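Everything on this sheet refers to the single structure shown next.
The values are calculated or read from the model by the stated rules, or taken from the named source; none is laboratory data. Please read these numbers as outputs of a predicted model, since none were measured by experiment. Positions of Cβ are generated from backbone atoms using ideal geometry, with glycine treated the same way; all protein chains shown enter the neighbour counts.
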Amino acid sequence: MLQSSEENIDQKTETILPDADAKLLEKYRDNPQLGFQLIVKKYQERIYWQIRRLTKNHQDTEDVMQNVFIKAWKGLEKFRAESALYTWLYRIAFNETHTFLSRESKRSTTDLDPPLFENSISIEGKEYSASEIEALLNKALETLPEKQRLVFQLKYFDDLKFKEVSELTGTSVGALKTSYHLAVKKIEEFLKTT
(Lines give C-alpha, C1' and ligand atoms only; values in the text may rest on other atoms or scores of the structure.)
Protein backbone atom coordinates (compact mmCIF):
# COMPACT_ATOMS: atom_id res chain seq x y z
CA MET A 1 0.00 0.00 0.00
CA LEU A 2 1.43 3.41 -0.96
CA GLN A 3 1.43 6.23 1.58
CA SER A 4 2.12 9.85 0.82
CA SER A 5 4.54 11.79 3.00
CA GLU A 6 1.56 13.85 4.15
CA GLU A 7 -0.48 10.99 5.55
CA ASN A 8 -0.12 7.87 7.63
CA ILE A 9 -2.63 5.06 7.81
CA ASP A 10 -3.10 3.76 11.33
CA GLN A 11 -3.15 0.00 10.88
CA LYS A 12 -5.49 -0.64 13.83
CA THR A 13 -8.29 1.65 12.74
CA GLU A 14 -7.64 2.06 9.01
CA THR A 15 -8.01 5.85 9.34
CA ILE A 16 -5.80 8.40 7.72
CA LEU A 17 -3.89 10.60 10.19
CA PRO A 18 -1.76 13.59 9.34
CA ASP A 19 1.88 12.46 9.35
CA ALA A 20 2.73 14.82 12.21
CA ASP A 21 -0.04 13.32 14.37
CA ALA A 22 1.16 9.79 13.66
CA LYS A 23 4.68 10.78 14.76
CA LEU A 24 3.36 12.44 17.93
CA LEU A 25 1.31 9.36 18.79
CA GLU A 26 4.33 7.14 18.20
CA LYS A 27 6.39 9.32 20.54
CA TYR A 28 3.57 9.12 23.08
CA ARG A 29 3.53 5.31 22.87
CA ASP A 30 7.33 5.19 23.35
CA ASN A 31 7.41 7.74 26.18
CA PRO A 32 3.98 8.96 27.36
CA GLN A 33 5.19 12.00 29.28
CA LEU A 34 7.45 13.31 26.52
CA GLY A 35 4.91 12.50 23.82
CA PHE A 36 2.14 14.30 25.67
CA GLN A 37 4.38 17.34 26.25
CA LEU A 38 4.99 17.51 22.51
CA ILE A 39 1.25 17.26 21.79
CA VAL A 40 0.53 20.07 24.26
CA LYS A 41 3.31 22.20 22.81
CA LYS A 42 1.97 21.75 19.28
CA TYR A 43 -1.70 22.46 20.00
CA GLN A 44 -1.87 24.64 23.12
CA GLU A 45 -1.96 27.99 21.33
CA ARG A 46 -4.76 26.97 18.95
CA ILE A 47 -6.74 25.48 21.84
CA TYR A 48 -6.11 28.61 23.95
CA TRP A 49 -7.58 30.93 21.31
CA GLN A 50 -10.50 28.62 20.62
CA ILE A 51 -11.44 28.73 24.31
CA ARG A 52 -10.60 32.43 24.72
CA ARG A 53 -13.02 33.49 22.02
CA LEU A 54 -15.82 31.92 24.02
CA THR A 55 -14.77 32.79 27.58
CA LYS A 56 -13.44 36.26 26.64
CA ASN A 57 -11.19 36.17 29.70
CA HIS A 58 -7.59 35.00 30.09
CA GLN A 59 -7.95 33.50 33.57
CA ASP A 60 -11.09 31.55 32.66
CA THR A 61 -9.38 30.38 29.48
CA GLU A 62 -6.41 29.10 31.46
CA ASP A 63 -8.73 27.25 33.85
CA VAL A 64 -10.66 25.58 31.03
CA MET A 65 -7.46 24.80 29.14
CA GLN A 66 -6.04 23.02 32.17
CA ASN A 67 -9.16 20.84 32.34
CA VAL A 68 -8.90 20.13 28.60
CA PHE A 69 -5.35 18.85 28.83
CA ILE A 70 -6.08 16.84 31.98
CA LYS A 71 -8.91 15.08 30.11
CA ALA A 72 -6.68 14.64 27.07
CA TRP A 73 -3.93 13.08 29.23
CA LYS A 74 -6.42 10.68 30.79
CA GLY A 75 -8.01 9.78 27.46
CA LEU A 76 -5.06 9.73 25.08
CA GLU A 77 -4.36 6.06 25.61
CA LYS A 78 -7.89 5.32 24.36
CA PHE A 79 -7.59 7.73 21.38
CA ARG A 80 -8.80 5.69 18.38
CA ALA A 81 -7.28 7.90 15.68
CA GLU A 82 -10.64 8.21 13.92
CA SER A 83 -9.88 11.91 13.50
CA ALA A 84 -6.88 14.21 13.67
CA LEU A 85 -5.45 14.95 17.12
CA TYR A 86 -6.51 18.58 16.84
CA THR A 87 -10.09 17.58 16.03
CA TRP A 88 -10.14 15.34 19.11
CA LEU A 89 -8.61 18.06 21.32
CA TYR A 90 -10.96 20.64 19.85
CA ARG A 91 -13.98 18.53 20.76
CA ILE A 92 -12.71 18.17 24.35
CA ALA A 93 -12.08 21.92 24.51
CA PHE A 94 -15.49 22.69 23.04
CA ASN A 95 -17.26 20.49 25.59
CA GLU A 96 -15.20 21.79 28.52
CA THR A 97 -15.78 25.40 27.48
CA HIS A 98 -19.53 24.93 27.21
CA THR A 99 -19.61 23.15 30.57
CA PHE A 100 -17.67 26.04 32.11
CA LEU A 101 -19.88 28.69 30.48
CA SER A 102 -23.09 27.02 31.61
CA ARG A 103 -21.78 26.91 35.20
CA GLU A 104 -20.65 30.53 35.02
CA SER A 105 -23.57 31.93 33.02
CA LYS A 106 -24.91 34.01 35.88
CA ARG A 107 -21.54 35.49 36.80
CA SER A 108 -20.58 38.64 34.90
CA THR A 109 -16.91 39.40 34.33
CA THR A 110 -14.84 42.23 32.98
CA ASP A 111 -11.99 41.29 30.71
CA LEU A 112 -8.83 43.21 31.53
CA ASP A 113 -6.78 41.44 28.87
CA PRO A 114 -5.46 43.31 25.83
CA PRO A 115 -7.68 43.36 22.72
CA LEU A 116 -7.53 40.61 20.10
CA PHE A 117 -7.09 43.17 17.30
CA GLU A 118 -4.16 45.58 17.08
CA ASN A 119 -5.14 47.90 14.23
CA SER A 120 -7.92 50.38 13.71
CA ILE A 121 -10.36 50.09 10.82
CA SER A 122 -12.74 52.35 9.00
CA ILE A 123 -16.30 51.13 8.43
CA GLU A 124 -18.49 53.33 6.23
CA GLY A 125 -16.31 56.36 6.99
CA LYS A 126 -16.16 55.90 10.76
CA GLU A 127 -12.83 55.01 12.37
CA TYR A 128 -12.86 52.22 15.00
CA SER A 129 -10.07 51.35 17.45
CA ALA A 130 -8.93 47.79 18.05
CA SER A 131 -10.97 47.48 21.24
CA GLU A 132 -14.04 48.91 19.49
CA ILE A 133 -13.62 46.40 16.64
CA GLU A 134 -13.42 43.54 19.12
CA ALA A 135 -16.45 44.81 21.06
CA LEU A 136 -18.50 45.22 17.84
CA LEU A 137 -17.62 41.75 16.61
CA ASN A 138 -18.45 40.23 20.00
CA LYS A 139 -21.80 42.05 20.03
CA ALA A 140 -22.51 40.87 16.50
CA LEU A 141 -21.64 37.30 17.43
CA GLU A 142 -23.92 37.44 20.46
CA THR A 143 -26.87 38.23 18.18
CA LEU A 144 -26.38 35.01 16.23
CA PRO A 145 -28.10 31.73 17.06
CA GLU A 146 -25.67 29.36 18.82
CA LYS A 147 -25.16 27.09 15.79
CA GLN A 148 -24.38 30.00 13.44
CA ARG A 149 -22.03 31.56 16.01
CA LEU A 150 -20.17 28.28 16.44
CA VAL A 151 -19.82 27.69 12.70
CA PHE A 152 -18.63 31.26 12.12
CA GLN A 153 -16.05 31.01 14.91
CA LEU A 154 -14.71 27.69 13.65
CA LYS A 155 -14.40 28.95 10.06
CA TYR A 156 -13.33 32.54 10.68
CA PHE A 157 -11.16 32.31 13.78
CA ASP A 158 -9.94 28.70 13.67
CA ASP A 159 -9.72 28.62 9.86
CA LEU A 160 -11.16 25.10 9.75
CA LYS A 161 -12.48 23.55 6.56
CA PHE A 162 -16.18 22.73 6.40
CA LYS A 163 -15.33 19.02 6.45
CA GLU A 164 -13.45 19.48 9.76
CA VAL A 165 -16.33 21.51 11.21
CA SER A 166 -18.68 18.73 10.09
CA GLU A 167 -16.62 16.16 11.98
CA LEU A 168 -16.62 18.32 15.11
CA THR A 169 -20.30 19.19 15.10
CA GLY A 170 -21.88 16.17 13.44
CA THR A 171 -23.63 18.47 10.94
CA SER A 172 -23.61 18.07 7.16
CA VAL A 173 -21.27 20.24 5.12
CA GLY A 174 -24.22 21.76 3.22
CA ALA A 175 -25.98 22.81 6.42
CA LEU A 176 -22.72 24.27 7.75
CA LYS A 177 -22.19 26.33 4.60
CA THR A 178 -25.71 27.70 4.92
CA SER A 179 -25.18 28.54 8.61
CA TYR A 180 -21.86 30.22 7.86
CA HIS A 181 -23.22 32.39 5.06
CA LEU A 182 -26.26 33.39 7.12
CA ALA A 183 -23.94 34.30 10.00
CA VAL A 184 -21.75 36.44 7.72
CA LYS A 185 -24.80 38.28 6.36
CA LYS A 186 -26.14 38.91 9.87
CA ILE A 187 -22.77 40.17 11.09
CA GLU A 188 -22.44 42.47 8.07
CA GLU A 189 -25.96 43.80 8.67
CA PHE A 190 -25.23 44.32 12.36
CA LEU A 191 -22.06 46.26 11.56
CA LYS A 192 -23.84 48.44 8.98
CA THR A 193 -26.58 49.40 11.44
CA THR A 194 -24.23 50.10 14.35
Item to complete: Give region 160-178 a look and list any residue that's polar (S, T, N, Q) and closer than 13 Å to Tyr90 by Cβ, or say none.
Response: Ser166, Thr169
Practice prompt. Answer with yes or no whether Leu137 is outside any helix (DSSP H, G or I) and either modelled with pLDDT of 85 or more or closer than 21 Å to Leu160 by Cα (or both).
Written response: no
Practice prompt. Identify the residue in region 33-66 that is over 15 Å from the mean Cα position of the chain (by Cα) and touching a residue at least 24 places away in the same chain (Cβ under 8 Å) and, among all such residues, is surrounded by the most Cβ atoms within 10 Å (Cβ to Cβ).
Written response: Ile39
Item to complete: Confirm whether Leu182 is within 30 Å of Ala84 (Cα to Cα) and not assigned by TED's automatic domain parsing to the domain that holds Leu85.
Response: yes
